Structures are given as structure tokens and as C-alpha cells.
Amino acid sequence: MGIIGKLFLILVLLIALEGAKLSENKVLSELHKYQDRTNGGFSNEIDEKATIQGTFGAVLLSTLYGFRDENLAEGVTHFVEQCANNDFGYGFNPKQASELESTFYTTWIYRLLGTLPDTHHVSNYLLSLLDRETMLFASKKGGRPSIMGTALAFQTLDLLEESWESVLPKNAAEVLKTKIKKGMVVSETEAYFNFGSSNIVYDNYYGILLAKYLKIELGTIKPWVNFIKNMQAFDGKNDGSFYDDKAKEYSGIESTTFSLLSLKLLAEIHSNENNKEIPNFFKLIDKEELTNYLTSQEENLWIVSRAHFGLALIGEIFENVETSVEWETINGDKPKELIEGTDLRLVFTAKTFSSLRHGGLDIKSKILFKAENKEALGALKAISYTFDQERRQYISEKVIQTNNKVGKVLVETKGEMNIVGLGKVSFIKETQNSIGYKIDIIPSASVAGTEIELGGTASIGTKFDFIVKLSSLNDQNPHILSGDFDVSMTIFDSSLFVVDHQVLDCRDNQKEINFNYVLSNTDLPSGTLFFRFEVGNEKVGIHTSKSIHYNVDIPMISSNIKFKNFKDNENINYKIGDEVEISLQSGSIPDLITPIFYKSKASKETEYKRVDGTNIPNGSWNFFMEVTTPSGDVVTTVESELSENENGMLIISFNNEIEPILNNLGTNNVNFYYLTATGQSIPLTNLENRFKEESEEETEDQEEEETNEDFGQLSFNVDHKLQMTEVTNFPNEDDFFYGNKIVYVFKVLDTISGKLISHNEEATESDFGIYLELLHKETAQEESEFISVSEMAKVSKDTFMIKWTINPNAIKGEGKIRIIGKRGSGMRINIIQESKEAEEEKEEKYCVYDIAIGGEINVNHELYRTLTKYSSKTVFFIEFELQCKQKTLEGAKLYSTLKYVGDNKDDSQIIEENLYVNHHDKKYQTTFVNKHENVKPGKYEMVFYRDIDQQRAARNGWDTVEPLFSVQIPHSKLKPIQSSISGQFILIALLGAIFVWISMKTYQIEKMPSNN
């Protein structure tokens, strides 16, 4: 594989790595698409010619984000060499005349790649552009000398590491200083350069650049900075960017980049003149808006490269780099905990766009053990890293030993890039870990003589015993009983409230570290019981910890349930807009007889302290009310508000406004549950209804209806009466034919509350919504109706729109359109028509309308079948379109049956049923394949049925289903094998789907004459 092929392959592989966690940039993610594979260069737009400008952009981005390698360098070098000319300059792309700007960017490309072009040759090319009278440089041979050309020439010499004084004539400096000073515009508030071009920002940048080279004093720096600061745009279009002229009419990426470069130069000039540290003038502009603007640029490669160059200038480039510092053993393992005595290395990873790993950083870290005094970092010596090309990670060169270094460890990592034309760009990342002991917990739990396994279910009276074993990988101290540390055990219930806390001082300890506990709390919530063990002291903090758990299964109850403004919990009725307010108490019932209500735990702090001296925070109760339809579909879930009564007992309250949406209408069942800290839902049994059920069961002579009543279900009703209103689109009777689009637009009013109805925007077919249904009465005697179409309305705020294109699934003939509300899988909500006649007659009519589906379904089909014995199988393939009134009909759900019809009725037989009919790109296809010997010559018929007709027949017990249409297939004796595929076949293959193409090629299928 050649250089260019390697480059392309590497770029593709890099871009196709695991999905990015960072925000994506289209150009960076598809950088390989901008490469010209024939010469290695890059273009600004995909599928355009490669240019020096585009290639520079690609090299700059690959440098900024560290995914450049030797193959990319070789490919780019190959391209720029083709852009070289005999005059020692470089053209915009191969075979183009030399120009100064392309030569400047080519030189920059070489420098970014770590090399130089021929310095002598390029310098001679630059001198060929010098006008020795004005001492200005032209942008190309024969061009007009300009300030811009001169600035580019100076920058190119700088990149070549050539002093401009050694190249230009001796009088050049004085001549140029005079010209530059004439362009200075200075006032008390603003200062800038203006050389007469239409772009003041360009003039200002080139003037400041040449002033730096020529050491022209600018005076007070503040007005120069003010001018640039005042050019930042906040016009609602490109907020954060910079205008290019005083009129402030246009802002873009070039003017923004030149403004930022100007600020950088002014900071350097100010530092040089005052022998001070370089100031950060970027703090004076709105960096947040600027960063948003720069990161949003995705137009083309050049613009993206300029934008990310700008991000690097203002120090925000590493916002696009996800960094991590991890520890690993010298064997390459990643330890879950850092154990004292382990020999470790640090691993630094930097991920950029599409999870590409940055490989162009200089990484150093300082490590502070027992990191209570962060200021001590400054005196520490930094350790260096080596970049591992295979892993694409940085590995610390030094092995870090942890003997006798228990406690917190702080790692300060500095990453730095020194990019030609930009300077040093760096970041600092701090990572904190703890080095501790290896900790093993030996648990024992039993109740009434029965052992409970770790993670098992404990009950009241369970005795727990824990042995804590501490050890080290330090050979001098493998088993640890004593030291300058405390060991604690904290027990948390499933809501993370502290149940118990014990501390053992181990400074003079000689015994086994042991903790005991008996579960006696009867007001514990059900769920997980956590045991947390921690080791440390107030000086070094907590350095070793481990958690284990058991489960507690105590029935939880709800009781004293009260609906505000209702005396009992039966016959509770609301309307839309009302507030449902419910209060209750919760508790446990360990013996299944006596409830123990929970006390309020309002305090977020406990009197317990961890071994590091900090308070142990408490968790919080999490109770929820779930409102469902009678069929179980969830309507809403409401989080609780907690308070306490005069006795200090926990009161749980729920408040929920009934919004004007279909979800809320009708009967609503109410259930309560407790949510543990780990996300486990535990239902609360309704205590009063539980006792009521038991009492009812004891009554021997109750009626049968009563025995089936669900006394345990709490519910309320939302009264409603829906009426269609503000109808703005309604189809006419003659609009109902196949292929026509029917549109209804209307609102729905609840006449009880006077509010307009909406519904949840994420509703699905099985959810809540307004629907159009097409109904059919099956027989004159039968009252039941068959629904052949169900189309859900879309809603915008409170306006419903139903769009239904009448497809072939609709049953032809007389029927009814019904517009109805659906609430989950169990409830249908009738809607009253908006009708003046109905109002006058005081008669309410539901939204049910007589219609007739009309139109003829026309079939245009093409038949293909096997003609030769090229393969071992015979294929019949039929492709067809359905139309009505020249409108293509899509969405038909069909199946087909192949019959052998022969010459008389006695020969007729079904060959294969329920053949799949595919629908793709407005056409339908079906295929039959079988061995030659199973498909005898003769007459065949492919019969097509609608799925809706089969459903209707099954519902009514009909023996036969009326077909939609059929296709006759004459099948004669197969011809001998042929060696070629016909031109007709190739045309068909191009028109068909891939699977059809493969079948036709394999089985030598040809088109049969159409008999439409």
C-alpha cells in the first residue's frame, strides 16, 4: 500500500473509533473525507480539489488534537512537494503559480510537521517579491506591494528561523517604520492601525505584527486593547465573534481570529516593554460567548481549523479534551483500591473528538502523599511520562512506591503543547485518591439458630457479628491490628438513615477487630440494610473502606389516608383544574398484626461522627403516589412532601393538580410506594382496607357481588363531558376514496370545567390520545362493529389534527367515522359533536359520521420467472403497484397464496400459503422459490389478500376470504442452461431491491409479458 493509501486508511480507522463522550464536530469526525487520495492533500470542502489552505487546516487540527502520525506527515509532505515551483515558491495547489500566502502556509505546515523547507530557496523567493523602493512585499510576482504582503513575508522568515534584518536591505527598517507609523490612529479611548483597506481588523493585526518585529512603540496599551474589545459582536447572529470594520456590519471567523491574534501580540509587546509576565488580555472579552461561537463552527475544514486555533489562543482548546489520570500496578493491572505497599505507575489518557487519543502532549505530574498541605506541591519534583504508541496513553517513567504512605494522595498533572505559531498551551488537572489497607470483612448473621448468608434477608432479632481484617502488601507489616487509626462500623437503613454507629480505637489494640449488632428496630423500612466499615483518623482522613449488605423484608403500610375536603374515601369526585390533596401515615407491621408508625426524621445530620471527624449525613424518605387507570396504565407519579404531627410522627402528603389532559379523565386508582436509596420500589399496603377485606371474608352470608368487590383499591373519579369545538377543517362526503388525504382539525372542550383538552406529547398507539376509527357493521342483525382503521391525532398545545391517507387496508363501502378519546388500554371516552342543530333540539350526538369509502384499486404488475435450468430452483417473482385515481396507494398489509390451477377444477391445488408481501419505495413484491422437480409445468395463480379481510373473516367465522386481486403465471418447461444474463434482467435488477437482485441473478429470472 502506498503512502496515500496508508494515510487514508489510518484516518478512517481513527475516526471510526468508539463513540465520543465529548460534543462532536462534523468536520473533525469526517476529516478523512476531505483528503484527496491521489496526492495526500486536503480540501476545504468534501470532493473538491486539495489545496495548501485545506492541508494546513488538517495538519493544524491533527496537531491540536494529537492524532498526527508519520504516515500523515508523509502524505502531506508528498502533496506540498507537488505545489512547489521552480521559483522556490508554492502555489495554492499543484501546477498553480507561486504566491506569498501559500508559501507562508506551506512553511507553517513544514514547521508543524517538525521540519523546514529549503530555507535559502524560500528566502530567495520572498526577496523576489520585495519592492526595494517602498520596502513592501507583493503577494505574488507582478503584484502590488502591500502591508499585508510584508507582514506575511516577515512571518514566513520567522517560521524559517531567519532574521528579517539579515535578509532585507539595511534601510528597510527605517522606511517601514515610517509607513507603519502613518497608519496609527490613536485617541484616549481607542487605538488601531488603518492602512486604507476595507477590513480594519486585518489592517490592525498586520500593523501590530510589524510593530512588534520593527520594535515600534505603541504607547499606552489600554486604548489598543479597548479597540479590539469594543469590536466583539453581540447582535444575536454571531454573538461572541468580532466585527471586521468600524461600521460593525459583518463578523466572521477570519476577523475573529485576527482580533484574537492581535490581543496576543499586544500582551507580548506589553510584556517585552515592561519586563513583566505576559498579561491575559483575553479576560477582558466575553470568553463564554466567544467559546460558544468558535465551537459551533462546522462549515468547512478551513473555518473549523481557524475556530479551533482561536480556542487554543484563548486557552479553551482542552475543553474538547477529556483527560483522566489512573493508577496501575507495574504488571499493568488497574487496582480497585490503592493498597499500601503496592508499586504503582500513573497512566494519563487524553481523548478528543470521536474518542481519538491525543498523542502530542508533554505530561508531567507532582505527587503529594498525605496531602493535607497542598502548598507543599510547589517544592516537589515533577515526574515525566512516555507516550505508548500502541496503547495511545502516557505512562509515568518512575515507579511510585507506597510503603508507609497511608492516607490521601494528591496528583497534580500538567499537560502542555508548544505549537509553532501559537506558543505554549497547557492545562492542569488534579486527582485525589487514598492509599489504604487491604480490608476483608468476615460476616456472621443468625436468627433463632438459623444462619443467614451475606446478602440474605434478616428479621427482627437477627444477631450480626463482623471480624475486620486489615493487611498490607508491605513485607514489614502484612497483618495489622493496631496503628494510628480508628475503625468504625455504620449501619444504614434502605433510605440511608443511620441505624447504629460504633467506633474502635486501634492505637493500642492487640485483639481481633470485631463488631456486634442485634437488629431490634421495629420501625425500619423494608429494603437493604447497609454495613459500612471505615479506617482512618482526623489527620489523614478515611483511607480504607468497605461496604456489605443484608436485606430487611418488613411489610410496609399506609394508614389514616385522608382526601382533603372529603369525609370518607368513597365516592370521591373531582373535575379538571381541582387539586387532589392526600395525606397519610406510613409504618411497618413486623408481626403482621400491630402497626408501628414511622417517626419524623427531619434532621439531615446525626450526632455520629466518622473517623475523620466529619458528621455522618442522614438520608431521606422517598414516598410516591402512583395514579393509574383501572387497567393499570400509569397516569402520573407524584413525589411526597414530608412533615410531622404534634406527636412527632411522620406525615406524608401528596398534591396534584388535575390538568386538562385525557390521562386524567374518569376513574383513577391510587397506590403508594416507598423508594429506597438504591431505586427499589416497595408498595405500601392500605391498612384500613386490609382489615376491611379480612372482616368481609369472615362474613358467611354476604352476597356474591360483594365477594367480588375490590375493597383494597383506593380511587377517585374525574368527571368530564367532552365536546368537539372550533373545527377548522372537516372533510366532505365525497373526499373518502382510496389515496385521498383526509384532514380533521379541531379542539376538544370539557364542558364541566370549561377547559380545552390536550394530551401528552409522547403518546403512542397504546397510550392516551384522540383517535379516528373507521367502523363497519358486519351484518344487518349484528350490533357489533368492526374497526378496520385506527389513526391517532397529533396535538399542538390544545389543537388536534388527524391526517389519514385512505390506504388499501380501509374496507370499501358504507361505514362510519368515529372520533373518540382513548385512555390507556381499557377506557374509551366519547366526544360530543359541535352542532347548532343538536343544541336547538337539546340532543347530544357523539362524533360518529356516516361515510362511504369509494374508488377502485387498480393493480399494475410485472411478473418474472425462471426460464432456464441454470440453478436447481424455480422462482416466481411479482412486483406491483396499487393505484386509485392516479394516486399511488401505500401501506397495504397483504399476504399471498400460490395455487396450481391446471386445465380444470380437479387439478387445482394450493402450493404455498401466507407468502410474505414486501412493501418498498411505493412498490410491493412477493417471491416463491422451490426446487424444479416440485414445480411442474402448467398454469399457476398468485392470489393476494388483505390482512384486514382475514381478521374480519376470523372474527365472524367466515369460511372464505375475498381476494384483492390475482396474477396468472404460465409456467412452461425450462430451457437448457444459458451462459449469459439478458439485458432485461440487468434493468430489472437495478430497479428491484437487493434481495430481489440476488435472487434474479442466482436463478436466471426473466420478465414475462404483462397482462394488466
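The values are calculated or read from the model by the stated rules, or taken from the named source; none is laboratory data. Because the structure is predicted, anything quoted here is derived from the model rather than measured. Quick reminder, even Gly has a Cβ in these numbers, built from the backbone with ideal geometry, and neighbours come from all protein chains shown. SASA here: full protein model, heavy atoms, side chains in, ligands and nucleic acids out. Shrake-Rupley method; radii C 1.70, N 1.55, O 1.52, S 1.80 Å.
Can you tell me which residues in region 797-819 are more than 19 Å from C884 (Cα to Cα), in a strand (DSSP E or B) and of a type in the set (D, E, K, R)?
K816, R818
If you scan region 926-946, which residues turn out to be within 16 Å of Y864 (Cβ to Cβ), in contact with an Asp or Glu (Cβ under 9 Å, 6 or more places away or on another chain) and buried (at least 19 other Cβ atoms within 10 Å of the Cβ)?
Answer for region 926-946, where residues must be within 16 Å of Y864 (Cβ to Cβ), in contact with an Asp or Glu (Cβ under 9 Å, 6 or more places away or on another chain) and buried (at least 19 other Cβ atoms within 10 Å of the Cβ): T926, F928.
Can you tell me which residue among G183, G149 is out of contact with any Asp or Glu (no Cβ under 8 Å at 6 or more places or on another chain), open to solvent by less than 10 Å² (accessible area, probe 1.4 Å) and not hydroxyl-bearing (S, T, Y)?
Of G183, G149, the one residue that is out of contact with any Asp or Glu (no Cβ under 8 Å at 6 or more places or on another chain), open to solvent by less than 10 Å² (accessible area, probe 1.4 Å) and not hydroxyl-bearing (S, T, Y) is G149.
Restrict the check to region 423-444 and report whether at least one residue is among the small types (G, A, S), under 30 Å from Q502 (Cα atoms) and in contact with a Ser or Thr (Cβ under 7 Å, 6 or more places away or on another chain).
Taking every residue of region 423-444 in turn, at least one turns out to be among the small types (G, A, S), under 30 Å from Q502 (Cα atoms) and in contact with a Ser or Thr (Cβ under 7 Å, 6 or more places away or on another chain).
Determine, yes or no, whether G421 is assigned to a loop (DSSP other than H, G, I, E, B) and closer than 30 Å to I314 by Cβ.
Taking the combined requirement at face value, the residue satisfies it.
Would it be correct to say that E372 is surrounded by fewer than 13 Cβ atoms within 10 Å (Cβ to Cβ), closer than 26 Å to L473 by Cα and modelled with pLDDT under 90? Write out each step before concluding.
Numbers: surrounded by fewer than 13 Cβ atoms within 10 Å (Cβ to Cβ): yes; closer than 26 Å to L473 by Cα: yes; modelled with pLDDT under 90: yes.
Yes: the conditions hold for E372.
Output the residues belonging to region 430-442 that are closer than 21 Å to M489 by Cα and surrounded by fewer than 16 Cβ atoms within 10 Å (Cβ to Cβ). Can you show your working first?
In the first step, residues of region 430-442 are kept if they are closer than 21 Å to M489 by Cα; the result is 434-442.
Scanning region 430-442 gives D440, I442.
In this structure, is F427 open to solvent by less than 70 Å² (accessible area, probe 1.4 Å), in contact (Cβ under 8 Å) with a residue 40 or more places away in the chain, over 30 Å from F492 (Cβ atoms) and in a strand (DSSP E or B)?
yes
Select from region 495-541 the residues that are under 47 Å from the mean Cα position of the chain (by Cα), aliphatic (A, V, I, L, M), within 19 Å of P590 (Cα to Cα) and open to solvent by 10 Å² or more (accessible area, probe 1.4 Å) and list them in ascending order.
Listed by number, the list holds a single entry, V499.
How many of the residues making up region 453-496 are in contact (Cβ under 8 Å) with a residue 60 or more places away in the chain, part of a loop (DSSP other than H, G, I, E, B) and hydrophobic (A, V, I, L, M, F, W, C)?
Qualifying residue count for the region: 5.
Please pick out the residue among G407, G456 that is of a type outside the set (F, W, Y) and out of contact with any His (no Cβ under 8 Å at 6 or more places or on another chain).
Answer to the selection: G456.
Please specify each residue of region 215-253 satisfying the condition of being part of a strand (DSSP E or B) and either touching a strand residue (DSSP E or B) at 6+ places or on another chain (Cβ under 7 Å) or open to solvent by 30 Å² or more (accessible area, probe 1.4 Å) (or both).
Those that are part of a strand (DSSP E or B) and either touching a strand residue (DSSP E or B) at 6+ places or on another chain (Cβ under 7 Å) or open to solvent by 30 Å² or more (accessible area, probe 1.4 Å) (or both): Q232, F242, Y243, S251.
Can you find a residue that is in contact with a Pro (Cβ under 6 Å, 6 or more places away or on another chain), surrounded by 15 or more Cβ atoms within 10 Å (Cβ to Cβ) and small (G, A, S) anywhere in region 457-467? Break it down stepwise before answering.
The first filter runs over region 457-467 and keeps only residues in contact with a Pro (Cβ under 6 Å, 6 or more places away or on another chain), leaving 460, 466.
From what's left, surrounded by 15 or more Cβ atoms within 10 Å (Cβ to Cβ): 460, 466.
Adding the requirement that they be small (G, A, S) leaves none.
No - not one qualifying residue is present in region 457-467.
Looking at region 787-813, I want the residues that are under 22 Å from R828 (Cβ atoms) and charged (D, E, K, R) and have a partner that is at pLDDT 90 or above and surrounded by fewer than 16 Cβ atoms within 10 Å (Cβ to Cβ) with Cβ atoms under 6 Å, at least 6 apart or on another chain. Which pairs are those?
K794/M801; K803/V743
Yes/no per residue for (1) open to solvent by 50 Å² or more (accessible area, probe 1.4 Å); (2) modelled with pLDDT of 95 or more:
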| position | (1), (2) |
| --- | --- |
| D701 | yes, no |
| E704 | yes, no |
| E709 | yes, no |
| G712 | no, no |
| S715 | no, no |
| D719 | yes, yes |
| E726 | yes, no |
| N732 | yes, no |
| V743 | no, yes |
